[in-house]
């Protein structure tokens, strides 16, 4: 087995800037990183990095029981230093956190970081920002990224 890898889980609504954040902040040239996509947005992952679709669908919905297996297979196929998972618009960080609590079989992981991306231009309603779903996402995020594009 290669060295341990860090898993980055990026969530946010459609158009929030998840892929842009990944491209500009998580993908570092010279570092062997690989990206698992739950859905394709308007932006594309930069050239030079391994990109695959999540075969099992949304990890926190239908594909939860297969996500850890797919993640392990992905690691052993590419042995990246970092794995980035871009979740679909309605994926739930609370569910991802619970799934990752069962990662004991994933001995290749050194840690998991959770990110939630919010586009301040499209989410301007106080009711939406203070809503239960957003509150939960923010509670489980290690980092909250505010974008304006």
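Each value in this text was obtained by applying a stated rule to the coordinates, not by laboratory testing. Just so it is clear, the structure is predicted and the values come from calculations on it, not from any experiment. Virtual Cβ from ideal backbone geometry, glycine too; neighbours counted across all protein chains shown.
Among 98-104, 141-147, the peptide with the highest mean count of other Cβ atoms within 10 Å heads the list, and the full ranking is 141-147, 98-104.
Give the relative contact order (percent, whole number) for the chain; include only Cα pairs under 8 Å separated by 6+ residues. Write out the running numbers ahead of the final one.
Details: 252 pairs, mean separation 54.1, N = 149.
After rounding, I find 36 percent.
Cα axis of helix 64-78 to longest principal axis of the chain: angle in degrees, 0 to 90, nearest 10? On a 0 to 90 degree scale, this one is about 50. For the chain, the 222 nm mean residue ellipticity estimated from helices alone, with every DSSP H stretch of n ≥ 4 adding -39500 (n - 2.57) and the total spread over all residues, rounds to -7000 deg cm²/dmol. Distance between the pseudo-spin-label points of residue 55 and residue 39 (7 Å out from Cα toward the beta carbon): 2.3 nm. Which of rounded, prolate, oblate describes the stretch 19-81, given a ≥ b ≥ c as roots of the alpha-carbon gyration tensor eigenvalues and a/c under 1.5 marking rounded, otherwise prolate only if a/b is larger than b/c? The shape class here is oblate.
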